[in-house]
């Protein structure tokens, strides 16, 4: 799964700066940045942070979106609040089947650029947080789904998204070992040359098949992981700079997951 992320402003604008109009990027930073929660050093999806995504409708310029997809058919705020904690992640194997995701999977896909994500390892009755990022230091390009929902109370249009997940690779199998969950999971992380493929329209079964082939775990050799300070409880310092830095826990044996 993926419920905790780090997203700096620089990383979130990575695609726009490389592919977009620089004047437009400056205007976006001036007008849209105040509507986000950036920079995000650590945020839980359950707090529903607002950040930038790149949609299939605006692939080169960011759109402000809230984490936790709200399907267009949601009736009211009460139903929305019951649902959106359940739509932080979308299992890639069933996105074309589940009512919450199938419309978005077909018509509304997006990219979410982040620095990395956090997962908890279970060890002798305790949990230990890890920060996971690309080995080469490049942004993680996560595959997402998005939707627009109109709040019936005030007619506000809310853009929201979900992160697509797949089975965990070898690294995540070691870290994401929650005994209450059937098998390790991880977000779908796209290679740079796959990003545009994820946004490509789905017009027929062949297009869907090609899209489903992208829903694979990133090879573990392309990722690095290290333990960080507590992300829960009294020791949690909040969304503070440097929270993703390595922190050693003597309770953990050196198992090859720590950075040098």
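What follows draws every value from the coordinates through simple rules; no lab data is involved. Please read these numbers as outputs of a predicted model, since none were measured by experiment. Methodologically, a virtual Cβ is constructed for each residue, glycine included, from the backbone with ideal geometry; neighbour enumeration extends over all protein chains shown.
Highest-first packing order for the peptide set 98-109, 238-249, 68-79, 161-172 is 161-172, 98-109, 68-79, 238-249, based on the mean count of other beta carbon atoms within 10 Å.
Taking label positions 7 Å along the Cα-Cβ direction at both residue 170 and residue 58, the computed distance is 4.2 nm, reported to one decimal. With the chain treated as a Gaussian network of Cα nodes joined by springs under 10 Å, which of 200, 15, 155 yields the largest mean-square fluctuation? Judging by the Gaussian network model, the answer is 155. The long axis of helix 22-31 is offset from the longest Cα principal axis of the chain by roughly 80 degrees. With R₀ fixed at 30 Å, the C-beta to C-beta distance from residue 19 to residue 46 puts the FRET efficiency at about 0.40. If I take R0 = 22 Å and measure r between the Cβ atoms of residue 237 and residue 37 in this structure, what FRET efficiency does the formula 1/(1 + (r/R0)^6) give, to the nearest 0.05? Result of the calculation: an efficiency of 0.85. Between residue 9 and residue 126, the modelled labels are 3.7 nm apart [label points 7 Å from Cα along Cα→Cβ]. Each peptide in 80-86, 142-148 receives the mean, over its residues, of other Cβ atoms within 10 Å, and ordering these scores from highest gives 142-148, 80-86. Between residue 208 and residue 245, the modelled label-to-label distance comes to 5.0 nm, taking each label 7 Å out from Cα in the direction of the beta carbon. Considering only beta bridges that DSSP places wholly inside the chain, some 90 percent are antiparallel.
What percent does the relative contact order of the chain come to when contacts are Cα pairs within less than 8 Å and at least six residues apart? Could you put the intermediate results ahead of the total?
On the way: 535 pairs, mean separation 52.8, N = 260.
Relative contact order here is 20 percent.
More than 26 angstrom separation, counting every C-alpha pair in the chain; what % is that?
Cα-Cα pairs of the chain separated by over 26 Å account for 40 percent.
Peptides 225-235, 186-196 ranked from most to least packed by the mean count of surrounding Cβ atoms within 10 Å: 186-196, 225-235.
Give me the Kirkwood hydrodynamic radius of the stretch 30-93 in Å, from all C-alpha pairs, to one decimal place?
It works out to 13.2 Å.
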